[in-house]
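**Student:** Got a structure for you, written out below as structure tokens; questions coming shortly.
The values are calculated or read from the model by the stated rules, or taken from the named source; none is laboratory data. Please read all numbers here as calculations on a predicted model, not as lab measurements. Backbone-built Cβ (ideal geometry, glycine too); neighbour counts: all protein chains shown. Accessible surface areas use protein heavy atoms only, side chains included; no ligands, DNA or RNA. Shrake-Rupley method; radii C 1.70, N 1.55, O 1.52, S 1.80 Å.
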Amino acid sequence: MPSPLMVRPELLSLDLTGKTYVITGANSGIGLVTAQQIARQGATVVMGVRRVREGERVAAEIRREAPTASLAVYQLELGDLASVRAFASEVNRHHPKLQGLVNNAGVMRTPFGHTKDGFETQFGVNHLGHFLLTNLLTDALKAGAPSRVVNLSSYYHEFAMGRKGEIHFDDLNYHRRPFDTWEAYAQSKLANLLHARELGRRLAGTGVTAASVNPGLVRTNLLTIPLPMWLQRLVVLPFLRLAGMIEPWEGAQTSLHALLAPEVAERSGAYYSQVAGYKDKAARKGGWPLSSPNPVAHDDAVAARLWRASEALVQP
Ligand SMILES: NC(=O)c1ccc[n+]([C@@H]2O[C@H](COP(=O)([O-])OP(=O)(O)OC[C@H]3O[C@@H](n4cnc5c(N)ncnc54)[C@H](OP(=O)(O)O)[C@@H]3O)[C@@H](O)[C@H]2O)c1
């Protein structure tokens, strides 16, 4: 595996004082490192977390290292649209001008189940919750422009454990067809990519730039392995490192690039990828931006149809 792509160092010393960013799932993994970095640079960070006490603990840790860091922790359960609405109204009340929204939170390989509103868990949490949140924060993003929306997709939007990334419009939420958790994850991550693509098209000329990113294969809580820790340390982690697994700091690089690099504003809707294990060999060295190897990721008709379907599903 080639070395991970790294953000240009000067972007990590930009002064972000006076700028406000919302990050979902900011208490853990890639979201936590992203929050920590931009808080160090002076930004105000609104952490959207489902476990507020844990979010407060993490915020206190960030403040210990950067005492002037400005952090707000609000409750957000993406599997419950009422919670998404409550979170958005809290953000809009306290932070009417935003420079960024990082739709980072996510679940993977969940068992068969549905969110509070009846959506398949991965499609509901990873895509629909963020779709509604983005719509509810768009006025604040326009008011704070130039601003960015960054969606955490995945290289699994191409293939997840052999399942092709597709949007199953006939039954998005597995109400009728047999459930396959990897297929559902691939669908949700392709939806994250297509959402950013369509958002880029719809928000052209507003100063709000959209992007989707693949952070790489990153050592976070997402990759829970059902084996004792000693066995993981001895066998599984070294093997995964050889297979290209990177640390959370490296996994946050693509999000930080999409959030901070000036040239990203010239390509709204584009996809940015860390080095990763694509099935398509040419894509494996990643690219900022990368032309996705999945043809559906380039299909504007699918992106527009997904937007309309999502809009109908999240209606109150
Ligand atoms: N790690 C990888 O290799 C990898 C590869 C490709 C893409 N990604 C993407 O990267 C993003 C970040 O994941 P990560 O690897 O950093 O994993 P992580 O450490 O498990 O972080 C996921 C975050 O999402 C939060 N979350 C999960 N379900 C939620 C819900 N229903 N409502 C609100 N928040 C919820 C989690 O909260 P709790 O702490 O309360 O669980 C946590 O803060 C995800 O979108 C994932 O799909 C990761």
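**Student:** Which number comes out as Rg/Rh for segment 201-316 once both Rg and the Kirkwood Rh are worked out on C-alpha atoms?
**Tutor:** Numbers: Rg = 17.5 Å, Rh = 16.6 Å.
Ratio of gyration radius to Kirkwood radius: 1.06.
**Student:** Using a ≥ b ≥ c from the Cα gyration tensor of segment 243-295 (square roots of the eigenvalues), is it rounded, prolate or oblate, where a/c under 1.5 gives rounded and otherwise the larger of a/b and b/c decides, a/b for prolate?
**Tutor:** Working: a/c = 3.04, a/b = 1.18, b/c = 2.57.
Note, shape of segment 243-295 comes out oblate.
**Student:** Beyond 24 Å, how much of the Cα-Cα pair distribution for the chain remains, as a whole percent?
**Tutor:** Numbers: 24558 of 49770 pairs.
Within the chain, distances greater than 24 Å cover 49 percent of Cα pairs.
**Student:** Something else about it: What's the local net charge at Y174, with K and R +1, D and E -1, over the other residues with C-beta under 12 Å away? Mind dumping the intermediate values first?
**Tutor:** Numbers: positive: R176, R177; negative: E120, D170, D171, D180, E183.
Net local charge, Y174 excluded: -3.
**Student:** Once both labels are modelled 7 Å past Cα along the beta-carbon direction, what's the T224-R85 spacing in nm?
**Tutor:** Placing both labels 7 Å beyond Cα along the Cβ direction yields 3.0 nm.
**Student:** So if I take the centroid of the Cα atoms in segment 200-232 and the same for segment 15-56, what is the distance between those two points in Å?
**Tutor:** The two parts, judged by their Cα centres, are 15 Å apart.
**Student:** Round to the nearest 10 and report in Å² the accessible area of K189, as given by a 1.4 Å probe over the protein chains' heavy atoms.
**Tutor:** 10
**Student:** Which value, in Å² and to the nearest 10, is the accessible area of Y155 when all protein chains are kept and the probe is 1.4 Å?
**Tutor:** My reading of the accessible area for Y155 is about 20 Å².
**Student:** Hey, with R₀ at 45 Å, roughly what FRET efficiency would K142 and D180 work out to, going by the Cβ-Cβ distance, to 0.05?
**Tutor:** Once rounded, the FRET efficiency stands at 0.70.
**Student:** Using a cut-off of 23 Å between alpha-carbon atoms, which lysines can reach K142, once sequence neighbours fewer than 8 places away in the same chain are excluded?
**Tutor:** Leaving aside lysines fewer than 8 places away in the same chain, those within reach of K142 are K19, K97.
**Student:** Return the FRET efficiency for the residue pair R40, A204: r is the Cβ-Cβ distance, R0 is 25 Å, and the value is rounded to the nearest 0.05. Numbers along the way, then the final one.
**Tutor:** Numbers: r = 32 Å, r/R0 = 1.29.
Once the sixth-power term is evaluated, E becomes 0.20.
**Student:** Counting each pair of different Cα atoms once, what's the Kirkwood radius of segment 117-190 in Å, rounded to one decimal?
**Tutor:** Details: mean 1/r = 0.0745 Å⁻¹.
After inverting the mean inverse Cα-Cα distance, the result is 13.4 Å.
**Student:** How would segment 131-255 be classified by its alpha-carbon gyration tensor: rounded, prolate or oblate, with rounded meaning a/c under 1.5 and the a/b versus b/c comparison settling the rest? Walk me through the numbers on the way to the answer.
**Tutor:** Details: a/c = 2.73, a/b = 1.46, b/c = 1.87.
Cα axes put segment 131-255 in the oblate bin.
**Student:** Please list 120-133, 233-246 highest first by mean number of surrounding beta-carbon atoms within 10 Å per residue. Before the final figure, lay out the partial values.
**Tutor:** Numbers: 120-133: 26.1, 233-246: 14.0.
Averaged packing, sorted descending, gives the order 120-133, 233-246.
**Student:** Taking the Cα centre as origin and putting +1 on Lys and Arg beta-carbons and -1 on Asp and Glu beta-carbons, what dipole magnitude results for the chain, to the nearest 20 debye?
**Tutor:** Working: 34 positive and 27 negative charges, 66 e Å.
Its charge dipole is roughly 320 debye.
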